[in-house]
Amino acid sequence: MPVHVFTTFAWYAHLKNLGSKPWLIAALASWGIALFEYLLQVPANRIGYTMMSLPQLKILQEGITLAVLVPFARLYMDQPLKLTISGRRCVSWARSTSSFAPESK
């Protein structure tokens, strides 16, 4: 989960911290953070793929992303969260498909 914290900061923290800077500065700062995250995420995906299928890895990643984004949005960005009907449907769909059987390799 700590890896997703880096991604969330890379994608969104510049909206709060670098709003008065040129977009290029924000992009370079975000890319620097994201590079560190990818250096951790690629090996993690390779290890995870030995135990889980690709759909399972992706659904796990999205679940972790939401688990990080919700507190980030509320605590760091001071943004309210509202889950719309379409959002509820997406969550319901993800729950129903999260038991993909691992593919034989």
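What follows draws every value from the coordinates through simple rules; no lab data is involved. Here the structure is a predicted model, which is why all the values come from computation and not from measurement. Cβ sites come from the backbone with ideal geometry, for glycine too, and all protein chains shown count toward neighbours.
Over the stretch 23-62, with a single point scatterer placed on each C-alpha, what log10 of the ratio I(q)/I(0) does the Debye formula yield at q = 0.22, 0.25, 0.28 1/Å? For the stretch 23-62, the Cα-only Debye profile gives -0.71, -0.79, -0.87.
Checking every one of the trypsin sites (Lys or Arg not before Pro) in the stretch 1-98 against DSSP loop status and a limit of 10 other Cβ atoms within 10 Å picks out Lys82.
If you plug the beta carbon distance of Tyr38 and Met77 into 1/(1 + (r/R0)^6) with R0 = 22 Å, you get a FRET efficiency near 0.45.
How would Val5, Val42, Val68 line up from fewest to most surrounding beta-carbon atoms within 10 angstrom? Please list the in-between numbers first.
Details: Val5 16, Val42 10, Val68 19.
Starting with the residue having the fewest Cβ neighbours, the order is Val42, Val5, Val68.
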